[in-house]
Amino acid sequence: MCRAHSSTKSSTRCCSHRVHRSLASLIIYTSLLVLSGVSTSSSPSVLVSALKNPSLLAFVKKTSINNNVNNHNKINMSKKESSSVLGELKETIKSQAAEIDRLKRQLSSTPASKTVKKVPSGGHAHGAPAGDNEEILDYKTKSFYSIAYERVWWLAIFLVSLSFTAIIMNGFEHTLSKQIELAYFVPLMAGHGGNTGGQAVGTVLSALSAGVITRQDAGRVIMKEAMSGLIMGIILGAMVGPISHYVMGISMHVATVVSVTFPLLSTIAAFLGSALPFVCVILGLDPAVIAAPAMTSFVDVTGLLCYFLIANKIFQLFGMEL
């Protein structure tokens with residue numbers, strides 16, 4: 001029964017196709033008759049006799065065959081065009097996939113020092129950036145006691161260096177006893193040196209992390225930072241000295257000491273703040289842990305020493321005995 005049913009369906013389809021083809025042929029024949037001058041409203045005998053004309057039938061068959069060939073050619077051309085478009089699309093996808101793979105390999109082979117990281121510029125606390133991406137990721141899971149253990153030894157070393165400030169203060173105790181106003185500006189000098197050096201450390205570490213500068217640029221960068229520190233010191237010294245004398249009532253010789261010390265202190269702080277990150281990188285140390293506190297220690301010691309040495313020279317110029 002299934003076979004009979006399927007055969008019935010197939011015969012029905014064949015009959016439908018034949019009817020469609022007959023109707024199409026009839027439409028074509030009628031159109032040709034109209035074009036040849038035979039009226040479709042004529043009598044049936046005239047229409048039948050026209051349809052039986054051998055030359056007309058041959059022309060109609062030839063026209064039908066040509067139309068079928070043209071349609072077949074158009075279908076083949078559209079298939080070829082679609083296949084060519086699909087081929088071009090596949091080639092484009094392959095080329096883009098190859099480019100993506102190349103970029104992935106390039107990113108994976110990029111050194112950590114070329115990775116861009118945000119770096120805060122520290123004040124006297126001297127906040128510094130993390131060393132690389134791995135350390136940043138490890139920091140999130142690292143315990144507080146492991147962080148303290150890694151940093152405490154460097155802080156102990158710098159604490160020893162900061163003890164030299166006490167030695168310097170003790171060495172100039174006689175000067176301080178006669179000119180007590182000098183002691184007012186000791187915290188100001190230490191804070192300004194730390195701030196200036198912190199800006200230089202943050203800027204240089206940020207540029208190193210982003211790959212903007214390398215170790216080969218050390219000389220140029222250090223010179224630029226030192227010159228900028230000198231200019232900032234001159235501007236601030238020209239402001240702080242007169243304010244301390246005319247507003248705070250500080251003596252002229254002490255205000256002069258402050259004005260002269262600011263440019264030198266700013267230059268030293270900017271020089272050390274820009275040089276120490278390069279030194280840490282060259283030695284293979286972590287500049288995030290070492291550069292900022294080392295700069296603070298060195299600037300405090302050298303700045304305080306310069307402050308008292310300049311004070312002695314200026315006091316002698318003013319004819320004061322110490």
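Quick notes
- Number of the condition not met by Ile250 [criteria: (1) surrounded by fewer than 18 Cβ atoms within 10 Å (Cβ to Cβ); (2) of a type in the set (A, V, I, L, M, F, W, C); (3) outside any helix (DSSP H, G or I)]: (1)
- Qualifying residue in the range 225-239 (condition: β-branched (Val, Ile, Thr), touching a helix residue (DSSP H, G or I) at 6+ places or on another chain (Cβ under 7 Å), part of a helix (DSSP H, G or I) and open to solvent by less than 70 Å² (accessible area, probe 1.4 Å)): no
- Selection status of Ala270, crowded, with 19+ Cβ neighbours inside 10 Å, assigned to a helix (DSSP H, G or I) and of a type in the set (A, V, I, L, M, F, W, C): yes
- When the range 149-158 is filtered for residues that are touching a residue at least 40 places away in the same chain (Cβ under 8 Å) and open to solvent by 30 Å² or more (accessible area, probe 1.4 Å), the ones remaining, listed by number, are Glu150, Arg151, Trp154, Leu155.
- Test: residue in the range 306-315 that is small (Gly, Ala, Ser), open to solvent by less than 70 Å² (accessible area, probe 1.4 Å), over 14 Å from Phe185 (Cα atoms) and assigned to a helix (DSSP H, G or I): no
- If you go through the range 196-224 and pick out every residue that is under 20 Å from Val301 (Cβ atoms) and open to solvent by less than 70 Å² (accessible area, probe 1.4 Å), you end up with 6.
- Residue, farthest from Pro263 (Cα to Cα), within the range 301-316, restricted to residues that are among the hydrophobic types (A, V, I, L, M, F, W, C) and in contact (Cβ under 8 Å) with a residue 60 or more places away in the chain: Phe315
- Condition check for Met169: without any contact (Cβ under 8 Å) to a residue 12 or more places away in the chain, among the aliphatic types (A, V, I, L, M) and assigned to a helix (DSSP H, G or I): no
- Breaking point among (1) farther than 26 Å from Gly194 by Cβ; (2) surrounded by fewer than 10 Cβ atoms within 10 Å (Cβ to Cβ); (3) at pLDDT below 80, for Ser113: (2)
Residue-by-condition table, conditions (1) within 21 Å of Ala275 (Cα to Cα); (2) modelled with pLDDT of 85 or more; (3) among the basic types (Lys, Arg):
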| residue | (1), (2), (3) |
| --- | --- |
| Tyr145 | no, no, no |
| Val186 | no, yes, no |
| Asn195 | yes, yes, no |
| Ser209 | yes, yes, no |
| Gly233 | yes, yes, no |
| Gly237 | no, yes, no |
| Gly241 | no, yes, no |
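- Evaluation of Leu176 against (1) exposed (fewer than 15 other Cβ atoms within 10 Å of the Cβ); (2) free of Cβ contacts under 8 Å to residues at least 12 places away in the same chain (one fails), failing number: (1)
- Residue in the range 282-291 that is within 23 Å of His174 (Cα to Cα) and outside any helix (DSSP H, G or I) present: no
- For the range 116-143, filtering for residues that are open to solvent by less than 70 Å² (accessible area, probe 1.4 Å) and modelled with pLDDT under 70 leaves 12.
The values are calculated or read from the model by the stated rules, or taken from the named source; none is laboratory data. A quick note: this is a predicted structure, and the numbers were derived from the prediction, not measured. Cβ coordinates were reconstructed from backbone atoms using ideal geometry, including for glycine residues, and neighbour counts include every protein chain displayed. With ligands, DNA and RNA removed, areas are computed over all heavy atoms of the protein, side chains included. Shrake-Rupley method; radii C 1.70, N 1.55, O 1.52, S 1.80 Å.
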